[in-house]
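Okay, structure first, notes after.
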Amino acid sequence: MCLGIPGEVIELLTDRPDLAKVDVGGVKRAINIALVAEEGIGPGDWVLIHVGFALSKIDEAEAKAAMDFLESIGKAYDDEIAALRDSRII
């Protein structure tokens with residue numbers, strides 16, 4: 001199963017304006033923010049991520065509720081975090 005998971009934007013990558021570094025449960029990765037760029041993404045914002053792409057901007061309360069739910073389902077969440085940890089955007 002693939003899940004959309006919330007991540008907090010911690011840095012915009014100046015050399016790649018379509019990418020941002022996010023923190024998802026302690027895992028930090030670059031993701032593509034092109035789909036939500038018009039919403040004005042910056043450090044401190046939360047986004048819903050799926051397969052390396054930010055799909056939507058969400059608020060912190062939504063992010064916390066989603067993380068609480070994802071953590072409660074166990075293995076699927078663990079698998080998604082493992083896939084994120086192993087991924088790289090080149």
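The values are calculated or read from the model by the stated rules, or taken from the named source; none is laboratory data. Here the structure is a predicted model, which is why all the values come from computation and not from measurement. Cβ sites come from the backbone with ideal geometry, for glycine too, and all protein chains shown count toward neighbours. Areas reflect the complete protein model, heavy atoms only, side chains present, ligands, DNA and RNA absent. Shrake-Rupley method; radii C 1.70, N 1.55, O 1.52, S 1.80 Å.
Worth pointing out:
- Total residues in region 17-30, condition more than 12 Å from Pro6 (Cα to Cα) and in contact (Cβ under 8 Å) with a residue 40 or more places away in the chain: 3
- Residues (in contact with a strand residue (DSSP E or B) (Cβ under 6 Å, 6 or more places away or on another chain), over 12 Å from Ser56 (Cα atoms) and crowded, with 16+ Cβ neighbours inside 10 Å) located in region 22-34: Val22, Val24, Ala30, Ile31
- Scanning region 38-60 for residues that are over 18 Å from Arg85 (Cβ atoms), outside any loop (DSSP other than H, G, I, E, B) and out of contact with any strand residue (DSSP E or B) (no Cβ under 7 Å at 6 or more places or on another chain) gives a single hit, Glu38.
- Whichever residue in region 61-90 is assigned to a loop (DSSP other than H, G, I, E, B) and small (Gly, Ala, Ser) and, among such residues, is least open to solvent (accessible area, probe 1.4 Å): Gly74
- Of all the residues in region 16-34, those that are of a type outside the set (Lys, Arg) and not in a loop (DSSP other than H, G, I, E, B) number 10.
- Residue selected from region 36-59 under the condition buried (at least 16 other Cβ atoms within 10 Å of the Cβ) and free of Cβ contacts under 8 Å to residues at least 24 places away in the same chain, by the criterion nearest to the chain's Cα centre (by Cα): Phe53
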